[in-house]
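Below is one structure; the comments refer to it alone.
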Amino acid sequence: MVERVSGGRAKSFDTDAGEARSVRRASAPKAKSKFTKKTIALVYDFDGTLSPKPMQEYAFLPKIGVKAEDFWAECTRVAKAERADPLITYMHLMYKKAKEKGLRIDRKELVAQGRHVELYQGVEAWFGEIEGYVKAQRDSKGVTIKHYLVSSGLTEIIEGTKIYKNFANVFASEYWFDAYDLPFPKRVITDTGKTQYMFRINKGIEDLGESINSHMPEDARPIPFSNMIYFGDGDTDVPSMALLKKNGGHAIAVHTPKASADKCIGLFNAGRCDFYAPADYRKGSDLFKRTCLLLDRMLADIRVEEERAGLG
Ligand SMILES: [Mg+2]
């Protein structure tokens with residue numbers, strides 16, 4: 001909101017040449033709106049959303065000679081039997097299995113494995129194309145687009161992918177590599193845990209060393225939920241989609257092109273997402289067009305709020 005000077009008198013002082021200069025200086029920002037909520041955040045899940053398969057399947061599992069379906073089946077079985085968190089279980093089993101094969105995979109090696117991760121068509125160009133689209137719109141003056149990744153996958157593998165440079169921040173699971181005999185999970189991002197990172201983006205507290213829990217009034221939050229679009233592919237994305245949808249934000253579900261859209265239709269019918277589309281990120285695809293529709297609406301909303309702020 002625009003600052004007011006002593007009981008809303010600033011308006012009349014503005015046009016009065018005889019009034020004290022200090023008053024005019026205090027009210028000067030009025031001419032230029034102080035509206036600051038002009039950052040739009042596009043938040044992506046990784047596995048199944050930007051990449052067809054879980055990221056561990058491209059290099060880690062082949063390297064330790066374990067078949068993907070066997071590995072995930074074992075993760076599910078062990079997690080169930082031990083009542084363990086499924087994500088901690090997969091992080092544990094990866095290195096247990098590597099050790100059994102006499103292999104030690106360090107941070108550098110994981111980053112190098114990121115180069116093998118395949119992406120859906122158009123993903124590499126998507127970030128530039130979306131920014132270009134927004135820039136070309138009439139109401140985009142001062143609007144910034146930021147891309148974020150919130151993934152249960154591994155930070156190091158993502159760091160090695162071709163698209164890492166496009167993200168303002170990446171929140172993903174991570175290891176302590178020198179913890180004990182084997183690497184130990186340092187940060188595990190579960191389905192519901194993903195929402196913490198949505199709040200971090202919302203509140204502008206992206207430094208993971210800082211606590212997220214202290215109260216921050218809506219007005220002070222740099223990226224309102226209504227300025228966010230979440231992209232995901234399945235049940236693990238439900239908490240993030242629900243958080244945004246309940247707070248005026250947006251979500252798009254994607255599915256492998258030419259594969260069944262049933263999961264997406266389920267999410268759509270349950271009100272989890274605004275749209276769904278095949279995970280084809282090329283300009284002109286349904287996904288591109290539907291994302292642009294949401295961006296058009298967000299740009300208009302931003303302009304409306306900006307105009308209103310100038311009247312305060
Ligand atoms: Mg996924």
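Here, each number is a calculation from the coordinates, and none is a lab measurement. Bear in mind the structure is a predicted one, so any value in this text is a computation, not a measurement. Because the Cβ atoms are built from the backbone with ideal geometry, glycine has one as well, and the counts that use them run over all protein chains shown.
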| task | Please report the relative contact order for the chain, taking Cα pairs under 8 Å with a sequence separation of at least 6, and give it as a percent rounded to a whole number. | result | 22 percent
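Once the Cβ-Cβ distance between HIS215 and ASP70 is put in as r, and R0 is 35 Å, what FRET efficiency do you end up with, to the nearest 0.05?
Numbers: r = 47 Å, r/R0 = 1.35.
That pair, HIS215 with ASP70, gives E of 0.15.
If the limit is 27 Å between Cα atoms, which of LYS53/LYS258; LYS99/LYS258; LYS38/LYS258 go over it?
Details: LYS53/LYS258 15 Å; LYS99/LYS258 38 Å; LYS38/LYS258 36 Å.
Listed pairs above 27 Å: LYS99/LYS258; LYS38/LYS258.
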| query | Taking Cα atoms, how many degrees apart are the long axis of helix 194-203 and the longest axis of the chain, rounded to 10 and kept between 0 and 90? | reply | 20 degrees
| request: Neighbouring Cβ atoms within 10 Å as the yardstick, rank ASP280, ASP233, ASP262 fewest first. | output: ASP262, ASP280, ASP233
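Full-extension gain between GLN137 and ARG290, please, as 0.36 nm times their residue separation minus the C-alpha to C-alpha distance. Don't skip to the answer; put the middle values down first.
Values: separation 153, 0.36 × 153 = 55.08 nm, distance 1.55 nm.
In short, 53.5 nm is gained.
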| note | What the 5 Å binned alpha carbon P(r) of the range 167-288 shows, as percent of pairs per bin from 0, is 2, 10, 17, 18, 18, 14, 10, 7, 3, 0, 0
| request: Just subtract the alpha-carbon distance of PHE184 and GLU124 from 0.36 nm times their residue separation and send over the number in nm, one decimal. | output: 18.4 nm
